[in-house]
Amino acid sequence: MSGAAVRVDTTSPVPPYEQIRAQLAALITSGRLPEGERLPTVRQLAADLGLAAGTVARAYRELEAASLIRTRRGAGTRVAPLPAPAGGPDPAEIAALARDFVGRARALGATGEAVAAAVRAALRE
């Protein structure tokens, strides 16, 4: 992961696996982690972050389920090609973006009402 850093806030109400998943998903979808970029092994990232390997493994499983990464024996875990939007936005991607936003907003202490109000305001813009 050249230059991209993942950080976990242990005081956040957002679970560590979700923080990892959300940050990596954002880096991948924004292009900061390009297709084919090799990610650290589960054990290496867990050691770097001071977390249990199972926590990182869960984040990687969710990213793989969202088709954002691929893990191949012998080749490691790499960023998968982003699917080309066919006929509109991918509902799974929109759901992932919503989870990312809600997780970050809650980490800041926002209430559900404040989050919903922010989304409504953004839709009006």
Query - Given (1) over 23 Å from Ala122 (Cα atoms); (2) in contact (Cβ under 8 Å) with a residue 40 or more places away in the chain, number of the condition Gly54 does not satisfy - result: (2)
Report task. Return the residue satisfying two criteria in turn: it lies in region 68-95 and is charged (D, E, K, R) and not in a strand (DSSP E or B), and of such residues it is modelled with the highest pLDDT. Result -> Arg73
Report task. Please go through region 43-67 and pick out each residue that is assigned to a helix (DSSP H, G or I) and more than 15 Å from the chain's Cα centre (by Cα). Result -> Arg43, Gln44, Ala46, Ala47, Asp48, Leu49, Ala53, Gly54
Requested in this report: Assess whether Asp9 counts as being loosely packed, with under 11 Cβ neighbours inside 10 Å and out of contact with any Gly (no Cβ under 6 Å at 6 or more places or on another chain).
Outcome: yes
Query raised in the report: Does Thr77 meet the test of being in contact (Cβ under 8 Å) with a residue 12 or more places away in the chain, polar (S, T, N, Q) and within 18 Å of Arg21 (Cβ to Cβ)?
Result: yes
Requested in this report: Could you figure out which of (1) loosely packed, with under 13 Cβ neighbours inside 10 Å; (2) within 15 Å of the chain's Cα centre (by Cα) isn't true of Pro89?
Outcome: (2)
Report task. Answer yes or no as to whether Gly54 is modelled with pLDDT under 95 and exposed (fewer than 15 other Cβ atoms within 10 Å of the Cβ). Result -> no
**Report entry** Which numbered condition Val115 misses (of (1) in contact (Cβ under 8 Å) with a residue 24 or more places away in the chain; (2) in contact with a helix residue (DSSP H, G or I) (Cβ under 8 Å, 6 or more places away or on another chain))
**Finding:** (1)
Query - Output for region 13-40, where each listed residue is buried (at least 16 other Cβ atoms within 10 Å of the Cβ) and among the polar types (S, T, N, Q) - result: Gln19, Gln23, Thr29
Query - Sole residue being crowded, with 16+ Cβ neighbours inside 10 Å, of a type in the set (A, V, I, L, M, F, W, C) and touching a Lys or Arg at 6+ places or on another chain (Cβ under 6 Å), chosen from Ala105, Ala46, Ala80 - result: Ala80
Query - Leu24 being within 20 Å of Arg104 (Cβ to Cβ), assigned to a helix (DSSP H, G or I) and free of Cβ contacts under 8 Å to residues at least 60 places away in the same chain - result: yes
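The values are calculated or read from the model by the stated rules, or taken from the named source; none is laboratory data. Just so we're clear, the structure is a prediction, and the values are computed from it rather than from any experiment. Reconstructed Cβ throughout: ideal geometry from the backbone, glycine too, with neighbour counts over all protein chains shown.
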